[in-house]
Every structure is written in structure tokens, then in C-alpha cells.
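Notes to accompany the following structure.
The values are calculated or read from the model by the stated rules, or taken from the named source; none is laboratory data. Keep in mind that what you see is a predicted model, and the values were worked out from it rather than measured. Heads up, the Cβs are rebuilt from the backbone with ideal geometry, glycines too, and the neighbour counts pull from every protein chain shown.
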Amino acid sequence: MFLFRGWEGNRNDDGYAKAISELKEDNSALSAANSRIKSKCESLEAKANELQQLKESAHAQANANKRLLAQRESHLKAARKVFCTAQEKMTQAAATMEKDLTKPSPTPIVVCGPSGVGKGTLINRLMADFPDRFGFSVSHTTRAPRPGEEDGVHYHFAQVDQVKKEIAEGKFLEHAEVHGNVYGTSLAAVEAVATQGKACVLDIDVQGARSVRASALPATFVFVMPPSVEELEKRLRGRGTEKEESIQKRLKNAAGEMACADEPGFFDHKLVNNDLETTYQELKRILGVA
């Protein structure tokens, strides 16, 4: 009993209490250290997660940049292709324009002759055989249409006031009063044929031909003669469209027109229409299409 009590007494000594105190301090320090380590680990884990997110974001951005670069390259190639195509077309257009500018325009052809001589038949046949070479200039007239004539095809049938107004405005290449009616060729009619690259054929009277000769327009002048005045009268009466007064007026005018055909330097060629086929072949030879 004595020994047991003695041991219990030792438990309460200063050394034991100190040891217990130090142990508690160590446990407290260890706990604090564990807390700091845990906090550090959590902080490191958070930073690791943040770095992973940054890495993934950088990777995604790199892929996006790659796609953007590829898209830009594709657009650039397409733009180059469009530019090259446009440049090629512009070069071709410029070459065509230069060729057109240096290419001489076909020389207009002025065909004159008395009414009924057959010049209209010759012109119609020429254009039917060579539609790509020749174009007819549709003249204006104030006379009434004959049977079978169409406005805008055979003539532009117009009122006297309208024609005189446009003549005063300088819109006509030539004009004249023939058999009591006004006839004329507008500049627009000639330009319409020239823009097609064709030689413009003008079926006009001697007065109109004189106006064209006096203008700056270069042209080939052809006069179609009847074999005789008697043959011309026969053809006029054969039309069946003219009154006696009109026939006599046309025969009188024909005499003056045929006299003009002999003026030096006026007409380049004179054809006597004795036989239509022969005359047509000669006309083709003159125009270089025989």
C-alpha cells in the first residue's frame, strides 16, 4: 500500500506536468503545421487547376487562331482568283477596245437615181445577200405610205412640222424637198448602222447626196441610170401606184437628176440598169463583195 501511494504521488510532480504540457504544445504545433500544409496543398491544387484552365484556354485559342488563319488564307486565295479573273477580263476588254478604235469604220454608200430606176431593188438584194456587211439607213419622209410600206422599215413616216423641227435642231445629215414632200436622213439612223460595224447604205435623191458630199462624212457615191427616159416611164407606170400628175413630175425631176450624174467629182460610179442581174453584179464588184 505504501508503494502504490508513493507512485501516485509521483504522478503529480512537476516533471510529469511539464511533459504533459510539452506534449500538448507539440500536438498543437503539429495540428497548426498540418493546417498550414493542408492550406498550402489546397492553394497549390487551386493554382494547378488555374494553370490547367490556362493551358486549355491557350490550346483552344491556338486552334481558333489556326482556323482563322486558314479561313483568311482561303479568302485571300479566292480574292486573288477574283482579281486575276477581273484583270484578265479588263485586259481583254482593253485589247478589244483598242482593236475597235483602230479598226476603220465601213464607208457609207450613197445610192442615187431617178424614182423607178430600180435602186431600191438593188439595195434590198445587197442587204439580203450580205446582212453582216451592209445596213440600210431608214430615211424620214412626209409623204403618205404606199401599199405594203411599213413605218420604220421602208421609211420613218412623219409630219412636216416634226421633220422641220428636227432639221432645225441639226439632227439630220441631209434633207431635201422632192416631189412636194420632205425627205431626209437623220444622224441617228446612220449611227445605228455604224455601231453594228456595217456599211450604211443611203437611198437618197441628188439633193441629199449633194449635202452628204459637202459634209465631212466619207462615202462612196453611186448613181443608177435608166437605159432611157422611155424605159423609166414604162417602169413608173408599171408600179400602178402613181397618178399621171405624179408620173410627169417624176419624169421631169429624173432629167435634172441624170444631168447631175455627169458633174465632175460628184459620183464615184455610174451604173446603167438595163438588166437587173448584170447591174447587181457590177454593184457588188464596186463594193468589193463580188
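Tallying residues that are within 20 Å of Lys198 (Cα to Cα) and in contact (Cβ under 8 Å) with a residue 40 or more places away in the chain within segment 141-173 yields 1.
For first residues located in segment 252-279 and among the hydroxyl-bearing types (Ser, Thr, Tyr), partners that are outside any helix (DSSP H, G or I) and lie 6+ apart or on another chain with Cβ distances below 6 Å form the pairs Thr279/Leu271; Thr279/Asn273. For segment 207-218, the set of residues classified as exposed (fewer than 15 other Cβ atoms within 10 Å of the Cβ) and under 16 Å from Ala261 (Cβ atoms) is empty. Of all residues in segment 143-176, count the ones that are more than 22 Å from Cys200 (Cα to Cα) and touching a strand residue (DSSP E or B) at 6+ places or on another chain (Cβ under 8 Å). Number satisfying all stated conditions: 5. For Ser115, the conditions (1) modelled with pLDDT under 80; (2) under 60 Å from the mean Cα position of the chain (by Cα); (3) surrounded by 10 or more Cβ atoms within 10 Å (Cβ to Cβ) all hold with the exception of (1). Against the conditions (1) farther than 19 Å from Asn124 by Cα; (2) of a type outside the set (A, V, I, L, M, F, W, C); (3) at pLDDT 90 or above, Gly180 satisfies every one except (3). The set of residues in segment 183-206 being assigned to a helix (DSSP H, G or I) and crowded, with 17+ Cβ neighbours inside 10 Å consists of Ala189, Val190, Val193, Val206. A single member of Ala216, Ala209 is within 25 Å of Ala189 (Cα to Cα) and in a loop (DSSP other than H, G, I, E, B), and it is Ala216. Would you say Thr185 is out of contact with any Leu (no Cβ under 7 Å at 6 or more places or on another chain), at pLDDT 90 or above, closer than 21 Å to Arg210 by Cβ and of a type in the set (Ser, Thr, Tyr)? Criteria not met by Thr185. Which residues, counting only those in segment 120-173, are more than 15 Å from Ile109 (Cβ to Cβ), among the aliphatic types (A, V, I, L, M) and part of a helix (DSSP H, G or I)? Residues satisfying the conditions are Ala128, Val160, Val163, Ile167, Ala168. Could you please let me know if Val222 is modelled with pLDDT of 95 or more and of a type in the set (Val, Ile, Thr)? Considered against the rule, which asks whether it is modelled with pLDDT of 95 or more and of a type in the set (Val, Ile, Thr), Val222 comes out as yes. Restricting attention to segment 219-234 and to residues that are more than 29 Å from Ala199 (Cα to Cα) and of a type outside the set (A, V, I, L, M, F, W, C), the residue that is surrounded by the most Cβ atoms within 10 Å (Cβ to Cβ) turns out to be Glu233. Only one entry in Glu231, Glu245 is modelled with pLDDT under 90, among the charged types (D, E, K, R), more than 24 Å from Gln281 (Cα to Cα) and in a helix (DSSP H, G or I), namely Glu245.
Assess whether Glu230 counts as being without any contact (Cβ under 8 Å) to a residue 40 or more places away in the chain and closer than 25 Å to Gly152 by Cβ. Answer is no for this residue. Of the residues Gln281, Gln207, the single one that is of a type outside the set (Lys, Arg), within 40 Å of the chain's Cα centre (by Cα) and within 21 Å of Tyr155 (Cβ to Cβ) is Gln207.
If you go through segment 270-285 and keep only what is within 21 Å of Cys260 (Cα to Cα) and either of a type outside the set (D, E, K, R) or touching an Asp or Glu at 6+ places or on another chain (Cβ under 8 Å) (or both), you end up with Leu271, Val272, Asn273, Asn274, Thr279, Leu283.
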